[in-house]
1. Of the residues GLY120, GLY129, GLY144, which is buried (at least 24 other Cβ atoms within 10 Å of the Cβ) and more than 19 Å from ALA23 (Cβ to Cβ)?
2. Here are the criteria: (1) touching a residue at least 12 places away in the same chain (Cβ under 8 Å); (2) farther than 22 Å from ILE124 by Cβ; (3) touching a helix residue (DSSP H, G or I) at 6+ places or on another chain (Cβ under 6 Å). Tell me which single one HIS42 does not satisfy.
3. Out of curiosity, is ASP330 out of contact with any strand residue (DSSP E or B) (no Cβ under 8 Å at 6 or more places or on another chain), on the phi < 0 side of the Ramachandran plot, among the charged types (D, E, K, R) and at pLDDT 70 or above?
4. Going by the structure shown, is GLY100 touching a residue at least 12 places away in the same chain (Cβ under 8 Å) and at positive phi?
5. Taking into account only those residues within the stretch 215-232 that are surrounded by 14 or more Cβ atoms within 10 Å (Cβ to Cβ) and in a loop (DSSP other than H, G, I, E, B), which is modelled with the lowest pLDDT?
6. Being assigned by TED's automatic domain parsing to the domain that holds GLY37, touching a residue at least 60 places away in the same chain (Cβ under 8 Å) and small (Gly, Ala, Ser) narrows it down to one residue among ALA64, ALA110, ALA91; which is it?
7. For the stretch 466-477, state whether one or more residues are under 20 Å from THR254 (Cα atoms) and basic (Lys, Arg).
Amino acid sequence: MRFSLAPPWRDRGLALLAGLAAALAHPPFGILPGLLGYALLHWLLDEIEGPRPLRSAFLRGWLAGLAYFGLGTWWIGEAFMVDAANQGWMAPFAVTAMAGGLALFWGVAAVLYRLIRPPGVRRILVFAGTFAALEWARGHVLTGFPWNLPGETWKAGSAPSQTAALVGAYGLTWITLAIAAAPAVWREGLAGRKAIAAAGAFLLALYVLGWMPASPVAQGKPPTVRIVQADIKQEAKWDAERFTRIVQAYVTLTARPYAGKPADIVVWPEGALPAAINDYLAPGTWVRQAIVDALQPGQLLLIGGYRYDGPPDRPVYYNSLIALKRTATDLEVVGVYDKHRLVPFGEYLPLDALLTSLGVKSLAHLGEGFAKGPRPAPLRVSKDLIVQPLICYESLFPGLARPDPRVRALVNVSNDAWFGMTSGPLQHLNLASYRAIEAGVPIIRATPTGVSALIDARGRIVPGARLDLGASGVIDGVLPNLGSPTPYGRIGNLAFWALVFLSIFASFRNRRA
């Protein structure tokens, strides 16, 4: 007896396979042939038959997205295992809801594609445009969650990733989709073969242009940096009895002897110490004195954590980066940055009034959440040094930090300890590195449990300047050179929207047909 899968179930299975393949192309997996998953999805949308093509298109796009985001974001379930006794049961529901919600954008993109697709090979451009536009929407709706954009499939620092300096991650998403989806038109005869050949030529161009050397910007003596990674697991931070040991771990690493010149800047990650900054830095506290003793006069300490402001009976909480200078005998606050882009359902509740009435706030243990800071702006931490902070999730957003010629480095502090020894922190490292490429500015990246690194202006990790997952130690190094000003830094997403307009133009059907 011969078994054959009914066409609807076969196509749904292929849609799941398409999304899974595309997800496997991303770091840390890096199986680049998986990009052909986009060609498979493109072909599935073209092959729809039956009385309800738009419904079928939505289902196929949504299923592909479900697999793509399921593999790409499964690690969020690890955050619920930090307090497994009370929240562990929510992990599978949270992962399913996240993947299913994000997949809605792919479902809508599939419907738009079916509505406006033209005949012939031009539909490659329409496929790229509709999905890239919905990926842009995914990065902006309800604060946005632009995790694993298709354009960020390429390992940061690789030759293809350098195109982000020209068109940004969203523009590179359009280009990646157009190249990867081209094989779907192989049955279009000579025109189809030409289109596939053109896609191959563009792929080759990504590699050739990315290999071209870039000239660093002339500058004065670069500052030296020490990044501290103490490998404190998130579950340990809930134990008040371990607070002293956590502080001791950070100050001991900070005071570790230098092989050469002491660092000008010391960076601790987001959530380094599990207490309010106002409390442990209050005058006369033992923690403040321990930090003073660990630093050398003149050194700067950048530390991430939460702080409160306002009247005692109605405090407002911020997720912040504090810049401290070690004076002769004490600490001086020289700068404060409050996080602008907050994590939905993690740091604030979207549609607060509605979801609170439904009990979501108490279920998610959000409390009052964090207040939103102003749009990211450069922070002067010394007379000669201006940096641009990006706290955790903010490093996902192309163009969030507006280019500023005064900025010497991006400082990304992140608490990836929530996600344990999973693919999440490794993916986050790759995504954050794209901000260096887009801006042409190096990154100082500090996390509690990895991956911490010094990243140059082309998105490459400086040799020997990386601490992996589960490592405890310090990174001592010289801040990498600035890159040349990038086209993306000057025009932002203008090139991306030009590519989307090209897709719209290609969607017009040949009126003579």
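1. Values: GLY120 fails: buried (at least 24 other Cβ atoms within 10 Å of the Cβ); GLY144 fails: buried (at least 24 other Cβ atoms within 10 Å of the Cβ).
The match here is GLY129.
2. (2)
3. yes
4. Working: touching a residue at least 12 places away in the same chain (Cβ under 8 Å): yes; at positive phi: no.
Spelling it out, it is not the case that GLY100 is touching a residue at least 12 places away in the same chain (Cβ under 8 Å) and at positive phi.
5. Let us first name the residues in the stretch 215-232 that are surrounded by 14 or more Cβ atoms within 10 Å (Cβ to Cβ), namely 216-217, 222-232.
Still in the running and in a loop (DSSP other than H, G, I, E, B): 216-217, 222-223, 230-232.
Details: PRO216: 65, VAL217: 69, PRO222: 91, PRO223: 95, ALA230: 97, ASP231: 96, ILE232: 93.
The residue in question is PRO216.
6. Going through ALA64, ALA110, ALA91 in turn, just one is assigned by TED's automatic domain parsing to the domain that holds GLY37, touching a residue at least 60 places away in the same chain (Cβ under 8 Å) and small (Gly, Ala, Ser): ALA110.
7. Yes; the residues of the stretch 466-477 include at least one that is under 20 Å from THR254 (Cα atoms) and basic (Lys, Arg).
Listed here are the residues, each with its yes/no results for (1) over 18 Å from LEU385 (Cα atoms); (2) acidic (Asp, Glu); (3) surrounded by fewer than 20 Cβ atoms within 10 Å (Cβ to Cβ); (4) at pLDDT below 95.
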{"position": "VAL266", "(1), (2), (3), (4)": "no, no, no, no"}
{"position": "ALA275", "(1), (2), (3), (4)": "yes, no, yes, yes"}
{"position": "TRP286", "(1), (2), (3), (4)": "yes, no, yes, no"}
{"position": "ILE303", "(1), (2), (3), (4)": "no, no, no, no"}
{"position": "ARG314", "(1), (2), (3), (4)": "yes, no, yes, yes"}
{"position": "VAL334", "(1), (2), (3), (4)": "no, no, yes, no"}
{"position": "LEU355", "(1), (2), (3), (4)": "yes, no, yes, yes"}
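The values are calculated or read from the model by the stated rules, or taken from the named source; none is laboratory data. Predicted model, so just to flag it, every value in this text is computed and none were measured. Backbone-built Cβ (ideal geometry, glycine too); neighbour counts: all protein chains shown.
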